[in-house]
Amino acid sequence: GLGAALAVPSFDELEDLNAHRHQMATWYRKHLKGTPLMLMPEGQRDEPWVFGAVTKEAKTKEAVRVELASHGIETRNYFFPMHLEPVNFFQGTQTYEIPLPESERIATCGFYFPSHRYLEEKDVEYICAVTKKFFDKAVSLPKCTRKPNWVDRTEDPSPALPDGKRRKLNGVNGHNGH
C-alpha cells in the first residue's frame, strides 16, 4: 500500500541511514556518559531508529523535556505499554489484565532524544550538554550553532554519503520523504 510506496525509494539509502543511526547512537552514548539517565541498551547492530533514555521518576523526565524544549530541542515520550492499549479499538477499552510494572515505569519515565538524519555530532553534543546541565548546573553549554528551523534545507547534509557529494532534495521544506 501507501507505506510500501513511501518506503521503497529509501531502500537504496538504507546502508547510509543505518550508518548514520549507528554513529548517532555512538555520539549520544559518548556525550551522555556520566548522567543519571538509563540509556537504551546497545544492540548487536547499534542502529536504533530512535534513541531513548529513562529517568528515575516521571517528574524528572518531564522537567528534562521542558528544559530541552526551552532550548528548542524537541523530544518525545516513550510509547504507551502494549498491555494497556485497547485490545480491540472497535469494542471498547478492554485491556489485558496483566500487571507489568517495569513496562509501565519505563513508559512513564522514558523519552526519546532527537534522532533525525540531519543530526551531526555538534548537534548531539549540544543536546547532551543541555541535558547534562539539567543534572549539574556547573556544566557549561557550548554555543548552539543552529538557527531555528535549520533543518529546512535544499541539500542533504548526511555525513554518511560515501562519495562526499550532497543530494538535492525534492520535497517540501527540503525533505524528500525520508
query = Taking the condition surrounded by 11 or more Cβ atoms within 10 Å (Cβ to Cβ) and without any contact (Cβ under 8 Å) to a residue 24 or more places away in the chain, does Lys30 pass?
reply = yes
task = Could you tell me which residue of segment 33-66 is most open to solvent (accessible area, probe 1.4 Å), considering only residues that are within 12 Å of Asn77 (Cα to Cα) and among the basic types (Lys, Arg)?
result = Arg65
ask   = Got a number for residues in segment 1-27 being closer than 18 Å to Lys132 by Cβ and either without any contact (Cβ under 8 Å) to a residue 24 or more places away in the chain or among the β-branched types (Val, Ile, Thr) (or both)?
value = 1
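Out of all the residues in segment 47-57, is one or more of a type in the set (Val, Ile, Thr) and at pLDDT 95 or above? Outline the logic, then answer.
Taking segment 47-57 and keeping what is of a type in the set (Val, Ile, Thr), we get 50, 54-55.
Next cut, at pLDDT 95 or above only: 54-55.
Yes, the conditions are met somewhere in segment 47-57.
I'd like to know if segment 13-24 contains one or more residues that are open to solvent by 60 Å² or more (accessible area, probe 1.4 Å) and at pLDDT 95 or above. Even if it seems obvious, please write down each step before you answer.
Step one: filter segment 13-24 for residues open to solvent by 60 Å² or more (accessible area, probe 1.4 Å), giving 14-15, 21-23.
Filter once more, keeping what is at pLDDT 95 or above: none.
Within segment 13-24, not a single residue is open to solvent by 60 Å² or more (accessible area, probe 1.4 Å) and at pLDDT 95 or above.
From Pro86, Pro114, grab the single residue that is at pLDDT 90 or above and open to solvent by less than 50 Å² (accessible area, probe 1.4 Å).
Values: Pro86 fails: at pLDDT 90 or above.
Sole residue among the options that is at pLDDT 90 or above and open to solvent by less than 50 Å² (accessible area, probe 1.4 Å): Pro114.
The values are calculated or read from the model by the stated rules, or taken from the named source; none is laboratory data. Every value quoted in this text rests on a predicted model; they were computed, and no experiment measured them. Positions of Cβ are backbone-derived with ideal geometry, glycine not excepted, and every protein chain shown enters the neighbour counts. The accessibility values were calculated without ligands, DNA or RNA, using every heavy atom of the protein model including side chains. Shrake-Rupley method; radii C 1.70, N 1.55, O 1.52, S 1.80 Å.
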